[in-house]
Structure formats: structure tokens, C-alpha cells
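Beneath this line is the structure, given in C-alpha cells, with notes to follow.
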Amino acid sequence: MSGGVAAASGEKGSGTTKTPADFLKSIRGRTVVVKLNSGVDYRGILACLDGYMNIAMEQTEEYVNGQLKNKYGDAFIRGNNVLYISTTNDGPKL
């Protein structure tokens with residue numbers, strides 16, 4: 001894995017594969033968890049991201065050791081701090 005992003009693969013036998021770039025495009029507008037190298041998690045709606053993995057989020061919550069610490073309307077995370085991005089099942093795609 002390069003850049004700390006896990007590739008999501010297509011269904012078995014479907015003959016399609018999904019690149020990391022395809023995955024990242026597909027999760028815009030969805031609720032995600034962004035884990036930082038420091039261990040802090042940010043959960044919110046992925047507004048946008050760029051090729052450097054800089055991330056803009058909306059309705060963001062900050063979790064430290066699993067405990068909610070802060071809530072932010074908007075948050076910007078510098079890409080070099082990102083360990084991974086994960087989708088959640090906590091809401092519809094906007």
C-alpha cells in the first residue's frame with residue numbers, strides 16, 4: 001500500500017477492480033473516519049481531498065482514545081498526517 005490508502009477491490013468474479021483513486025472519488029460526500037499518525041480519529045463528511053491526501057471535512061468530530069473531545073463545523077487535515085481513511089455506515093451519501 002502506498003500513501004497509506006487501502007485499495008477497495010471489486011466483487012469476486014465481477015471482472016472489475018477499483019483503484020485507490022476510484023475509491024477516494026467514490027467516498028466524497030460520505031461519512032468517513034480519518035485516522036492520523038498520532039492515533040487521533042476524525043469522523044465527519046468528506047467534502048474533498050487532493051493528490052497530497054489533504055482532506056476537507058464537514059460536521060467533524062475529534063476522538064482521542066475513543067472519547068469524543070471536540071466538534072468542528074469544518075476541518076482541514078494535512079495529508080502527511082493521515083494514516084488511513086475509512087468509510088462508515090453512519091449515513092447516506094450526500
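The values are calculated or read from the model by the stated rules, or taken from the named source; none is laboratory data. Keep in mind that this is a model prediction, so the values were computed, not measured. Cβ: placed from backbone, ideal geometry, glycine included. Neighbour counts: every protein chain shown.
Among the residues of the range 46-55, is any outside any loop (DSSP other than H, G, I, E, B), touching a residue at least 24 places away in the same chain (Cβ under 8 Å) and surrounded by fewer than 17 Cβ atoms within 10 Å (Cβ to Cβ)? Scanning the range 46-55, I find no residue that is outside any loop (DSSP other than H, G, I, E, B), touching a residue at least 24 places away in the same chain (Cβ under 8 Å) and surrounded by fewer than 17 Cβ atoms within 10 Å (Cβ to Cβ), so the answer is no. One residue alone among D41, D74 is crowded, with 16+ Cβ neighbours inside 10 Å, among the acidic types (D, E) and at pLDDT 90 or above, and that residue is D41. In the set (1) more than 20 Å from A21 (Cβ to Cβ); (2) among the polar types (S, T, N, Q); (3) not in a strand (DSSP E or B), N80 fails one condition alone, (1).
Listed here are the residues, each with its yes/no results for (1) of a type outside the set (K, R); (2) closer than 22 Å to A21 by Cα; (3) touching a strand residue (DSSP E or B) at 6+ places or on another chain (Cβ under 9 Å).
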residue	(1), (2), (3)
G39	yes, no, yes
Y52	yes, yes, no
N65	yes, no, no
K71	no, no, yes
A75	yes, yes, yes
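Taking first residues from the range 9-37 that are surrounded by 12 or more Cβ atoms within 10 Å (Cβ to Cβ) and partners that are of a type in the set (D, E) and at pLDDT 80 or above, the Cβ contacts under 9 Å between residues at least 6 apart in sequence or on separate chains come to V33/D41; V34/D41; K35/D41.
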